[in-house]
Amino acid sequence: MNRAPYAARPEASRGRLHPEPESPTRSPFQRDRDRIIHSSAFRKLQYKTQVFVNHEGDFFRTRLTHSIEVAQIARSIARELKLDEDLAEALALAHDLGHPPFGHAGEEALNAAMKPHGGFDHNAQSLRVVTLLESRYAAFDGLNLSWETLEGLAKHNGPLHRPPPYIAQYNERHALELGTHAGAEAQVASLADDIAYHSHDLDDALRARLFEPADIAHLPLVGPALAEARRASLDVPPPRLRHETIRRVINVMVTDLVAESSRRLAKLAPRDIVAIRKAKQPVIAFSPAVAGGSRVIKEFLFARMYRHWRVNRMTTKARRLTGELFGALAADPSLLPDDWRARAGDGGGARTAITVGDYIAGMTDRYAIDEHRRLTDLTVLS
């Protein structure tokens, strides 16, 4: 593979916390990707909310389909910039492993419930999943991913000067250089996430008729894409017009990201990945014009989709259900299944709260709904 000198190099990986023999057929980052795909946490993403709760429709994105779309975009960008595609893909596939059921509503409820014990952050939970909660190997907890993948998960949104408690705790055991930028592959995965959720949330909202194509014609990036799609596809039915528009939005954002990132890399001229980490600003970025347009799209989606009355109703119910689940289980750990009860202990406090948080965060939407029913409805058997 023709990698740039500043790309992550699998042959120079800093290794794993628990040493393992190298694979004769796969690089360390390929093995990381494969371990993520085969994990329980990854499979459960198929029944976790992106915006619409799973039972609201078969065609809306879930956390799983979102992660796959992010991985496709990240890999394409990494290839164009001559980065390590496997590391970018692994980070994209793993970035939402820590999301609880019901999307941001579930996260808000868990964060409120766990405030006395450091709160809840899905990024920190993703690291917790791959370093502690996955139980697949005889010799260690977690997936024992390579240092570069763990660094990217912890820092994909930038340096962490005040890391969440679990990231800070893990860093004491396995230093991830939290005060620096992550490598370029992690930065790619982070912005591929932005491209994916902007485009597919517009797509899902149009499909759900939360707004119409005419309502997005004024948006930067989106309006020109819609106009071009109409010119190129006269008299096509609305679903095809929607798809023609969204693919153009993705293309504009990806093309801009590659161009701006190439400009920054040429200016910095990093000799290796260490120079990327020590740079004063990220090397992977949108141009100012597209970054501004992205913010406008985000504000529009916040007002017209994430706060739409139909979404608000489901969000309110999901937040209440998650909070009630936490309250019941934290107040009486004897209600937990045996393996989780052993982790929680009988004394309450931080140990119990963190265990209950882990238990709920690992639930799918439908499991959380069923578990709440089992705990609150006398007619339902446990």
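Tabulated values for the structure
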item: Potential lengthening between residue 139 and residue 162 on full extension [0.36 nm per residue; Cα-Cα distance subtracted]; result: 5.1 nm
item: Cleavage-rule hits (trypsin sites (Lys or Arg not before Pro)) in segment 149-221: DSSP loop, at most 16 neighbouring Cβ within 10 angstrom; result: 209
item: Surrounding net charge for residue 139, when Lys and Arg each add one and Asp and Glu each subtract one, Cβ distance under 12 Å; result: 0
item: All lysines inside 28 Å of residue 48 as judged from Cα atoms, apart from same-chain residues fewer than 8 positions distant; result: 115, 155, 298, 317
item: Accessible surface, per residue, of the chain when the full set of protein chains is kept, probe 1.4 Å, Å²; result: 46 Å²
item: Contact order relative to length of segment 84-215, as percent, for alpha carbon pairs under 8 angstrom and 6 or more apart; result: 24 percent
item: Cα pair count fraction exceeding 35 Å, expressed as % - the chain; result: 29 percent
item: Spatially proximal aspartates and glutamates relative to residue 267 (Cα-Cα < 20 Å; intrachain offsets below 8 disregarded); result: 80, 185, 256
item: Surface share of carbon and sulfur [accessible, 1.4 angstrom probe, percent] for the chain; result: 53 percent
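The values are calculated or read from the model by the stated rules, or taken from the named source; none is laboratory data. None of these values were measured; they are calculated from a predicted model. Every residue, glycine among them, receives a Cβ derived from its backbone with ideal geometry; neighbour counts consider all protein chains shown. Only protein heavy atoms, including side chains, enter the accessible area calculation; ligands, DNA and RNA are left aside. Shrake-Rupley method; radii C 1.70, N 1.55, O 1.52, S 1.80 Å.
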